[in-house]
Amino acid sequence: MTLNPLICSVFGPLGEPMFQLPYTTAQWSDTINESGSLQIGIQYSQNTLKIPKGLYDALKMWGAIIAVHRTDPTSGDEEVKHAGPLIDYDYDAIQRKLSLTCGGGWSLMTIRLALSHDLDPTWTDGTLLIDEDHGAGAWTMLLNGTYSDISRKLVNEAMKWGALPITLPELQENGNHQLQLNGFDLTPVSDRLADITALADGPEIRFDPRITESGYLTFDLRVMSEIIDHQWLEGGTPGAWDSSVPGQRVRLVKVTGKGENMANQVYVAGGKSGDKTIICRKSSDPSPVLLQVADKTRTTVTDLNILRSAAVSDIAYGSHPDETMSIEVGEEYHVMPGDIADLRVDDDFMGEKLLHLKITDVSGDSSKDLLTVQARSRG
């Protein structure tokens, strides 16, 4: 399949279009509930396309957003493969080589703290005292609703401190979840969003880049129990992938299994109050042997129900080995993290079977028209 050229574009900190950037290499990677990354290589030479002189003045870290995108030959839509703020660069003046490292939309939440904006106009340096006689006031935020609503409110509060190129979903206003945030923990919004996704019934969260009709770049905040843009299922349309059919441009590359993080009995320790510590336990079938694990990452949690939810999540992840399938697929499949696919294989190690997969990572490279996909079993 012939693909349209991959274009590298530079946008301002609020998504305003700036200029196209000639490049030598481009690699990108996206992961569920994480930022992903984009690597751009630029080799200055007499034979390459003309690269603007003085990029140093235009490419300010966190002040420039770089996107790689191409026009879909079938639909005509502009498909952004990856976009994110510039967070690192490395310039070799002798070799005349510039390397740029960008994050993703999620990265914008790593530079904002989960703080109520009400603290800004009333801010005073000093000692913070919160007890029975002194309320927390704006230092706490109580967010209610669906997980989408809570995530939206959290990101919206972060944007009150300063505009960001993020488009928020509509409020659903029909959920009964509740999240209390203590601002004095000084925790990045990205960590709070990760906490939400880590709950037993937590959602998947993505910041999907999109170029608008006016040429601006924005990140659409998406929060759903499962974000599935495409699916290739046995018996469905367009049907399952089959690695034995050359025309499908799908092949199994690698299978990796790790058992070091397996657990079927989890003890989760929460926050302390004086000489008291909140703790809970969750167990599953101890087959083939009892595997006990302690989760000590929830020391700021003081709500027993939230702690129990964390334990349920730990058991759900620990009850099975950490098994990853690496697959190469043609870029024409437009695979996104969160998609689902059935893959038919006939392999020396795997045998002959139909794999039911959930796509977790997607990586691409400007030098080839194949995507590298990481997936785990759905069942």
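Every number here is computed from the coordinates shown, using simple stated rules; none is lab data. As the structure is a prediction and not an experimental result, all values here were calculated from the model. Positions of Cβ are generated from backbone atoms using ideal geometry, with glycine treated the same way; all protein chains shown enter the neighbour counts.
The 3J(HN,Hα) values that the Karplus relation (6.51, -1.76, 1.60; θ = phi - 60°) gives for segment 247-253 are, in residue order, x, 7, 6, 9, 8, 6, 9 Hz. Gly and Pro appear as x. Sorting the segments 35-44, 236-245 by their mean number of nearby beta carbons within 10 angstrom, highest to lowest, gives 35-44, 236-245.
Placing unit charges on the Cβ atoms only, positive for Lys and Arg and negative for Asp and Glu, gives segment 109-224 a dipole magnitude near 460 debye about its Cα centre.
Extension gain for residue 185 to residue 60 (0.36 nm times residue separation, less C-alpha to C-alpha distance): 42.0 nm.
Sequence-ordered 3J(HN,Hα) estimates for segment 218-228 from the Karplus curve with 6.51, -1.76 and 1.60 and θ = phi - 60° stand at 9, 10, 7, 6, 10, 9, 8, 4, 9, 9, 10 Hz, glycine and proline given as x. Annotation: amide H-H contacts under 5 Å for residue 187 (H modelled 1.01 Å from N, sequence separation of 5 or more, or interchain): 114.
Which one of 40, 24, 65 has its Cα pushed farthest toward the positive end of the charge dipole of segment 7-107, where Lys and Arg give +1 and Asp and Glu give -1 at the Cβ? The Cα lying farthest towards the positive end belongs to 24. Which residues' amide hydrogens lie under 5 Å from the amide hydrogen of residue 167, considering only partners 5 or more residues apart or on another chain, with H built in the peptide plane? Under 5 Å from the amide H of residue 167: 219, 220, 221. Among 318, 271, 289, whose Cα projects farthest towards the positive end of the dipole of segment 265-318, with charges put on the beta-carbon of Lys, Arg (+1) and Asp, Glu (-1)? Positive-end residue among those listed: 271. Considering only alpha-carbon pairs that sit under 8 angstrom and 6 or more positions apart, the relative contact order computed for the chain is 15 percent.
Taking the Cα centre of segment 264-366 as origin and assigning +1 to Lys and Arg Cβ atoms and -1 to Asp and Glu Cβ atoms, the resulting dipole is close to 1200 debye.
Taking the square roots of five times each eigenvalue of the Cα gyration tensor of the chain, the equivalent ellipsoid has semi-axes of 37, 32, 18 Å, listed largest first.
Dipole of segment 7-107, Cα-centred, from +1 at each Lys and Arg C-beta and -1 at each Asp and Glu C-beta, to the nearest 20 debye?
Result for segment 7-107 is approximately 460 debye, rounded to the nearest 20.
Around the amide H of residue 232, modelled in the peptide plane, lie the amide H atoms of 340, 341, 342, all under 5 Å away and 5 or more residues distant in sequence or on another chain. Can you work out D for segment 7-107 in µm² s⁻¹ from Stokes-Einstein, where Rh is the Kirkwood radius over C-alpha pairs, the temperature is 20 °C and the viscosity is 1.002 mPa s? So the translational diffusion coefficient is about 152 µm²/s. The slack between residue 124 and residue 285, meaning 0.36 nm per residue of separation minus the straight C-alpha distance, is 52.6 nm. With the charge dipole of the chain set up from +1 on Lys and Arg Cβ and -1 on Asp and Glu Cβ about the Cα centre, the Cα lying farthest toward the positive end among the listed residues 307, 256, 240 is that of 256.
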